[in-house]
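Here the structure comes first, spelled out in structure tokens, and everything after it is commentary.
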Amino acid sequence: MAASPQALDTVSLYSTASAVSSCPDRHGFYGGFQFSDKPKEPLSRAQVIAREKKWLYMIDNWQEYMSKNYKKIRERCRKGIPQSVRPKAWFYLCGAYLLHKDNPNRYQELLKSPGNPQIMEEIRKDQHRQFPMHEMFLDEEKPGQKELFNVLKAYSILNPKVGYCQAQAPIAAFLLMHMPAEQAFWCFVAVCDRYLMDYYTPGMEMLQRDAAMLNALLKKTSPSVYRHLQKRKVEPLLYMTDWFLCAMTRTLPWDTLLRVWDCFLCEGIRILFKVALVILGATLAQQKVRRACSGLCETLEVLRSPSPKILEEEFIMHHIVRLNLTVDDFKVEHERQALAYRKAKSLKDVKHLS
């Protein structure tokens, strides 16, 4: 199944944004817009060790924390998970450890199946496009491309209703950068089947519903930006499709992306909505910027190239935590959009029968 038209010229996205470095950055990138030659502000060794110990203790007592002290998990995710603990923490946060525990040999069994030849060919065409400037995916001989093929193949067999969608590939590649292939596979299953449930099915109806939901939430959080987009006829699917389908993996600088995923795997898709609302609100906040965006094309150009300052880790995290939206706001709007969708579908069915 193909992604949307704007979804995915990944090679050009990563190769044109910066020159190629002779040495990888601390995340393994040789170039591309997610390459960073700036060292991250280090915590003291004592702070790092203290955080690692807290996380390791929490993981060792995971069920107790999840049932009785979820707010503590959320608080620590928002602060950022220590890099050394992040792979294991993600594996637990998304419930992949339970999927793996219940299906200990399933991944290897799936790899032994030949799979759908057409889907296998589609995956092969895409596997070299994912993060081509990263040390794991530089060429076909690197383990990254082979493991990426395996993860995507296994999922297409496990969930034939979805099969393979091009927008899934960067998520699988992103996970493979942080954990062994089998663990990455079960995290990928959790993300596709729970966090982004029904996003990759034919017609992408869930994405369309969430586009309408994002628009409604934008009206609440940034009414001036909402009015501008309405006036310029900028539909949400024109700018948010890649953000949501790829779970921000092709949108955010690497340090920001890691922090966002710490929260995403803890709090769910609400985090993607919040990040999108922050980008929208901050990018078009100034009246002079909106005036310069005289039409649809100009507005989309601005939204697709936000200021680097807006995408910085601390800016995004500061604003998503303080965004004036409650869990109930999301629930109410979700129910409203679900009802609107059911009504529209009923009318469509009636017209079809008549």
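The values are calculated or read from the model by the stated rules, or taken from the named source; none is laboratory data. Model, not experiment: these values are computed from the prediction. Positions of Cβ are backbone-derived with ideal geometry, glycine not excepted, and every protein chain shown enters the neighbour counts. These area figures cover heavy atoms from the full protein model, side chains too; ligands, DNA and RNA do not enter into them. Shrake-Rupley method; radii C 1.70, N 1.55, O 1.52, S 1.80 Å.
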For the range 211-251 and the range 114-190, what is the separation of their Cα centres, given in Å?
28
With each pseudo-label sitting 7 Å past Cα toward Cβ, what's the GLN83-LYS38 distance in nm, one decimal?
1.6
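Given a 1.4 Å probe, how much area per residue of the range 234-354 is accessible, in Å²?
Values: 5950 Å² over 121 residues.
For the range 234-354, the solvent-accessible area averages 49 Å² per residue.
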Added length on full extension, which subtracts the Cα-Cα distance from 0.36 nm per residue, ALA340 to ARG232:
36.5 nm
Please return the longest range in the chain lying between exposed loop sites, taking trypsin sites (Lys or Arg not before Pro), DSSP loop only, at most 14 other beta-carbon atoms within 10 Å, and leaving the sites out.
234-354
Tail beyond 31 Å, pair distance distribution of the chain (Cα, percent):
36
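Can you give me the Kirkwood hydrodynamic radius for the range 182-242, using every pair of distinct Cα atoms, in Å to one decimal?
On the way: mean 1/r = 0.0759 Å⁻¹.
By the Kirkwood definition, the hydrodynamic radius is 13.2 Å.
Under the 0.36 nm per residue contour assumption, what length would be gained going from the current alpha-carbon distance of GLU135 and GLN287 to full extension? Write out the running numbers ahead of the final one.
On the way: separation 152, 0.36 × 152 = 54.72 nm, distance 4.21 nm.
Full-extension gain reported as 50.5 nm.
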All alpha-carbon distances of the range 33-139, grouped into 5 Å bins from 0, give the whole-percent distribution 2, 9, 13, 14, 14, 16, 13, 12, 7, 2, 0
So, how do all the Cα-to-Cα distances of the range 89-167 break down into 10 Å bins, in percent, from 0 on up?
17, 41, 37, 5
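Quick one: if the Förster radius is 22 Å, what FRET efficiency do ASN103 and GLU64 give, using the C-beta to C-beta distance and rounding to 0.05?
That pair, ASN103 with GLU64, gives E of 0.35.
Percent of accessible area on the range 217-354 owned by carbon and sulfur, 1.4 Å probe?
Roughly 54 percent, rounded to a whole number.
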quick shape note, the range 92-232: Cα extents on principal axes in Å, largest first -> 53, 35, 29
What accessible area per residue comes out for the range 92-169, rounded to a whole number of Å², with a 1.4 Å probe?
49
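Given 0.36 nm per residue, what is the gain on full extension from LYS220 to ALA46 after removing their alpha carbon distance, in nm?
Values: separation 174, 0.36 × 174 = 62.64 nm, distance 4.23 nm.
Extending this stretch completely gives an extra 58.4 nm.
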For the range 210-354, what number of Lys pairs, 8 or more residues apart or on separate chains, have alpha-carbon atoms under 25 Å from each other?
29
Per the Kirkwood formula over distinct C-alpha pairs, the hydrodynamic radius of the range 273-327 in angstrom is 11.9
How large, in percent, is the carbon and sulfur part of the accessible surface of the range 110-176 at a probe radius of 1.4 Å?
49
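Taking the range 243-354 on its own, what percent of its Cα-Cα pair distances exceed 19 Å? Show your work: numbers first, answer last.
Working: 3502 of 6216 pairs.
I get 56 percent for the Cα pairs in the range 243-354 exceeding 19 Å.
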So how long is each side of the range 80-121 along the principal axes, counting just the alpha-carbon atoms, biggest first, in Å?
41, 24, 14
